[in-house]
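J.: The following block contains the structure, expressed as structure tokens.
The values are calculated or read from the model by the stated rules, or taken from the named source; none is laboratory data. This one's a predicted model, so the numbers in the text were calculated from it and none came from an experiment. Here the Cβ positions follow ideal geometry from the backbone for every residue, glycine too, while neighbour counts run over all protein chains shown.
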Amino acid sequence: MSSVLKNIKNIKTPHLEVKGGRPLSGYLEVGGAKNSALVLLAASLLTQETIEISNVPKLTDIDVMTEILQKIGVKISKNVHKINLRAQYIQNVDLPYELVHSLRASFFCIGPLLSRVGKAKVPLPGGCEIGARPLDEHIKGLKALGAKIFIEGGIVNAYISNKSNRLKGTKIIFKYPSVGATETVLMAACLAKGKTKIINAAKEPEIKDLTNMLNTMGAKIKGAGTSEITIEGVDSLKGCSYSVMPDRIEAGTFLIAAAITRSNLLIGPVIIDHLTSLLKKLKESGCKILKEGCFIRLIAKDIKGVDITTGPYPAFPTDLQAPFMALMTTANGTSTIKETVFENRMQHISQLKKLGARIILTKNSAHIQGVNQLDGSILEGSDLRSSAAIILASLAAKGKSTIYGLNHLDRGYENLEQKFNNAGSHIIRKNQTIFGKDLKFNQSGAEDNQNIEPKAA
Ligand code: EPZ
């Protein structure tokens, strides 16, 4: 066999095989919030004491963040969904490009490093599939706090040049309520000298989760969850134990899964107030929603088209735009979905159309004509939430679908196929080599090797 063929033989193309067209039943378990856990991990840099974070989802993004923190010098021990971190000594302020490039959230380290040791060098993460993802608001906030920042060769060099080697509280007005920029300034301002006021702050629940942990560490933050947040700088922060809030985007994905498969499903645990905008639209589309403590039961029979426009919290979340569009492709009637947060977050449309969906995109608005039935196909996710959307659509589609792009999916959903299979779906994760053996993972993730002889060339 030629060397080229030998190399091809070892290319692994992990994918899911989904047998669709069956309702789900029972319960879908919601884990800890990825977009909160990532920033809570970075906040461990703010103290020399131990931070114990529980309900952390097992995701590749979390693994990359802990690897970056270890390179900085943080001592880390992991036990499934619990991570202990101790940044007693900061040994390195120069973050490695190959890790930063794969995880934008690594930029969250810059604020705490400035506060702890007065300097940081973080490569610009660059854009991603959904947009340019600039960091100008983060940099504006840090400069306002007194940091000197220059960008050279794609590296953000930040340092404090005043004698006290300490950031100074100030007033910061954001042009856009950026989630990440609000979190960057919150962490940097905690240890600044004096008071900081953020105007037009993001109001997402992840901001409150971060604030709750920082205040447990001894920070003095007020107004989280509103557009005006004040931070009274303190001299140091102590260690703490903290549990990550439930993932509102995973919960929303599961609620939409129940709706698209016309099922009766229990989903949780959730913080119901975090899901208000989604629940309103699901009810409007015909779903029955029952609140059962910190769980939600969704019962879906007939679904009709409803219009949504994404926006900053508490508007409809951009992270649920793609999953909701999957639902609308199976609804009775038409719907319009407008994306206002990211400039390139409609790539799932091409994949949904392969299943038979009828969608016309005009700028950042999708016009959907629901169809009676989707049919299985071969699909590929291009980003985290588009991957989730095509899995939901394949659960509803008649016949088999094969879904590639699992590297995106595994960034944000822990054991997704296992959770859905526990509720009655039929999804198998496979590592198909182009030739040679067809690796099939069983529920526990172990390989069940079935050797398939390469077809005669
Ligand atoms: C967070 O991204 C989330 N990621 C995103 O989730 C989520 O979609 C987004 O908030 C909005 O809710 C994490 O928390 C790790 P933004 P973030 O700053 O902080 C512009 C997922 O799928 N902007 O609120 O990057 C930006 O270009 C991910 O889980 C600037 O112009 O979001 C975008 O158009 C995707 N300058 C808008 O603001 C800046 O300095 C919203 O961005 C920062 C942002």
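This table checks each residue for (1) more than 18 Å from SER285 (Cβ to Cβ); (2) under 25 Å from the mean Cα position of the chain (by Cα).
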{"position": "THR362", "(1), (2)": "yes, no"}
{"position": "ALA366", "(1), (2)": "no, yes"}
{"position": "LEU374", "(1), (2)": "no, no"}
{"position": "ILE378", "(1), (2)": "yes, yes"}
{"position": "SER386", "(1), (2)": "yes, yes"}
{"position": "ALA389", "(1), (2)": "no, yes"}
{"position": "LYS430", "(1), (2)": "yes, yes"}
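J.: Same structure, new question: Can you tell me which residue among SER263, SER227 is assigned by TED's automatic domain parsing to the domain that holds VAL80, among the small types (Gly, Ala, Ser) and farther than 15 Å from TYR413 by Cβ?
T.: When all the criteria are applied, what remains is SER227.
J.: Which residue, of GLY376, GLY370, is away from the ligand (no atom under 16 Å from the Cβ) and within 17 Å of ILE403 (Cβ to Cβ)?
T.: Every option except GLY376 fails the conditions.
J.: Look at the range 99-127 and say how many of its residues are surrounded by fewer than 20 Cβ atoms within 10 Å (Cβ to Cβ), of a type in the set (Gly, Ala, Ser) and within 16 Å of the ligand (Cβ to nearest atom).
T.: Residues meeting the conditions: 3.
J.: Taking ARG345 and the conditions (1) of a type outside the set (Asp, Glu); (2) within 19 Å of ALA33 (Cα to Cα); (3) within 16 Å of the ligand (Cβ to nearest atom), which numbered condition does it fall short on, given that it satisfies the others?
T.: (2)
J.: Would you tally the residues in the range 70-92 being among the hydrophobic types (A, V, I, L, M, F, W, C), at pLDDT 95 or above and surrounded by fewer than 22 Cβ atoms within 10 Å (Cβ to Cβ)?
T.: Summing the residues that are among the hydrophobic types (A, V, I, L, M, F, W, C), at pLDDT 95 or above and surrounded by fewer than 22 Cβ atoms within 10 Å (Cβ to Cβ) in the range 70-92 gives 2.
J.: Taking the criterion of being closer than 24 Å to LEU186 by Cα and in contact (Cβ under 8 Å) with a residue 40 or more places away in the chain, would at least one residue in the range 17-32 satisfy it?
T.: Yes, the range 17-32 has at least one match.
J.: Scan the range 192-201 and tell me whether some residue there is surrounded by fewer than 19 Cβ atoms within 10 Å (Cβ to Cβ) and in contact (Cβ under 8 Å) with a residue 40 or more places away in the chain.
T.: yes
J.: Six or more apart or on different chains, Cβ atoms under 6 Å: show the pairs whose first residue is in the range 364-386 and at negative phi and whose second is in a strand (DSSP E or B) and hydrophobic (A, V, I, L, M, F, W, C).
T.: ALA366/ILE337; ALA366/ILE359; HIS367/ILE360; ILE368/ILE359; LEU379/ILE403
J.: Name the one entry in THR330, THR340 that is more than 16 Å from the ligand (Cβ to nearest atom), within 26 Å of the chain's Cα centre (by Cα) and not in a helix (DSSP H, G or I).
T.: Of THR330, THR340, the one residue that is more than 16 Å from the ligand (Cβ to nearest atom), within 26 Å of the chain's Cα centre (by Cα) and not in a helix (DSSP H, G or I) is THR330.
J.: Another question, then. Report, by residue number, each residue of the range 42-93 that is touching a Phe, Trp or Tyr at 6+ places or on another chain (Cβ under 6 Å) and without any contact (Cβ under 8 Å) to a residue 60 or more places away in the chain.
T.: GLY73 - this is the single residue of the range 42-93 that is touching a Phe, Trp or Tyr at 6+ places or on another chain (Cβ under 6 Å) and without any contact (Cβ under 8 Å) to a residue 60 or more places away in the chain.
J.: Looking at THR330, THR362, can you tell me which residue is among the polar types (S, T, N, Q) and surrounded by fewer than 18 Cβ atoms within 10 Å (Cβ to Cβ)?
T.: Residue meeting the stated conditions: THR362.
J.: While we're on this one: Go over the candidates ASN215, ASN162 one by one and state the one that is away from the ligand (no atom under 15 Å from the Cβ) and in contact (Cβ under 8 Å) with a residue 12 or more places away in the chain.
T.: Going through ASN215, ASN162 in turn, just one is away from the ligand (no atom under 15 Å from the Cβ) and in contact (Cβ under 8 Å) with a residue 12 or more places away in the chain: ASN162.
J.: Pull up the range 298-327, narrow it to residues that are of a type in the set (A, V, I, L, M, F, W, C) and part of a loop (DSSP other than H, G, I, E, B), then point me to the one that is nearest to GLY412 (Cα to Cα).
T.: Out of the qualifying residues, it is ALA315.
J.: In the range 260-286, which residue that is under 25 Å from ALA397 (Cβ atoms) and touching a residue at least 60 places away in the same chain (Cβ under 8 Å) is surrounded by the most Cβ atoms within 10 Å (Cβ to Cβ)?
T.: ILE260
J.: Sort out which residues of the range 373-402 are closer than 21 Å to ARG248 by Cβ and among the charged types (D, E, K, R), and write them in order of number.
T.: ASP383, ARG385
J.: PRO134: more than 11 Å from the ligand (Cβ to nearest atom), in the same structural domain as VAL100 (by TED's automatic domain parsing) and without any contact (Cβ under 8 Å) to a residue 40 or more places away in the chain, yes or no?
T.: It is false that PRO134 is more than 11 Å from the ligand (Cβ to nearest atom), in the same structural domain as VAL100 (by TED's automatic domain parsing) and without any contact (Cβ under 8 Å) to a residue 40 or more places away in the chain.
J.: Assuming GLY169 fulfils every condition listed in (1) within 12 Å of the ligand (Cβ to nearest atom); (2) touching a residue at least 60 places away in the same chain (Cβ under 8 Å); (3) not hydroxyl-bearing (Ser, Thr, Tyr) apart from one, which condition is it?
T.: Evaluating GLY169 over (1) within 12 Å of the ligand (Cβ to nearest atom); (2) touching a residue at least 60 places away in the same chain (Cβ under 8 Å); (3) not hydroxyl-bearing (Ser, Thr, Tyr) leaves (1) as the failure.
J.: What number of residues within the range 400-422 satisfy the criterion of being surrounded by fewer than 22 Cβ atoms within 10 Å (Cβ to Cβ) and over 23 Å from LYS354 (Cα atoms)?
T.: Qualifying residue count for the region: 7.
J.: Can you find, within the range 42-54, the residue that is farthest from ASP235 (Cα to Cα) among those that are away from the ligand (no atom under 11 Å from the Cβ) and buried (at least 19 other Cβ atoms within 10 Å of the Cβ)?
T.: ILE53
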